Amino acid sequence: MKYFFILLSSSFIFLSCTTKKNVTPTPGIDLKQGTWRISYYWDQKDETSNFTPYTLMFTDGGVLMAHKGTTLYTGTWSETSTKIIINFTDPVLSELNNDWLVTEKTNTSIKLKEDNPAQDDQLHLLKN
């Protein structure tokens with residue numbers, strides 16, 4: 001009986017340690033703090049200039065806002081331990097839709113790349 005309780009306790013400890021959680025890739029860096037701009041966008045060619053007028057704001061609840069002048073566009077975003085997922089319906093901003101792999105994340109910049117190794121798309125964000 002003693003061994004049964006030891007085995008049962010060990011199982012609970014193991015399962016609690018291996019359960020997946022929604023983890024931010026870099027502790028202490030919160031996308032929802034401040035606004036971001038697109039400093040580089042590559043999709044078979046440099047298309048950064050298409051996105052320089054936009055300011056991005058990641059908000060609670062998975063809403064991603066993009067401001068261009070006085071116009072506001074909304075989309076969605078989510079984050080896992082290795083990816084940032086972006087989804088817009090606007091034709092121009094939908095170019096950013098992807099499950100982006102996080103290659104670098106600091107307090108002031110985020111570098112993302114296409115999660116498909118056959119493509120070389122990149123998206124770089126700088127904090128304003």
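Is it the case, given these coordinates, that residue 49 is in a helix (DSSP H, G or I), at pLDDT 95 or above and at negative phi? Taking the combined requirement at face value, the residue satisfies it. So which residues in the range 86-107 are without any contact (Cβ under 8 Å) to a residue 40 or more places away in the chain, in contact with a helix residue (DSSP H, G or I) (Cβ under 9 Å, 6 or more places away or on another chain) and either open to solvent by 40 Å² or more (accessible area, probe 1.4 Å) or over 19 Å from residue 59 (Cβ atoms) (or both)? 87, the sole residue that qualifies. Taken over the range 29-47, the criterion of being among the basic types (Lys, Arg), surrounded by fewer than 14 Cβ atoms within 10 Å (Cβ to Cβ) and closer than 28 Å to residue 61 by Cα is satisfied by 32 alone. When you look at residue 110, is it under 17 Å from residue 36 (Cβ atoms), surrounded by fewer than 17 Cβ atoms within 10 Å (Cβ to Cβ) and aliphatic (A, V, I, L, M), yes or no? Taking the combined requirement at face value, the residue does not satisfy it.
The values are calculated or read from the model by the stated rules, or taken from the named source; none is laboratory data. Values in this document were obtained by computation on a predicted structure and should not be read as measured data. Virtual Cβ from ideal backbone geometry, glycine too; neighbours counted across all protein chains shown. Heavy atoms of the whole protein, side chains included, go into the accessibility calculation; ligands, DNA and RNA do not. Shrake-Rupley method; radii C 1.70, N 1.55, O 1.52, S 1.80 Å.
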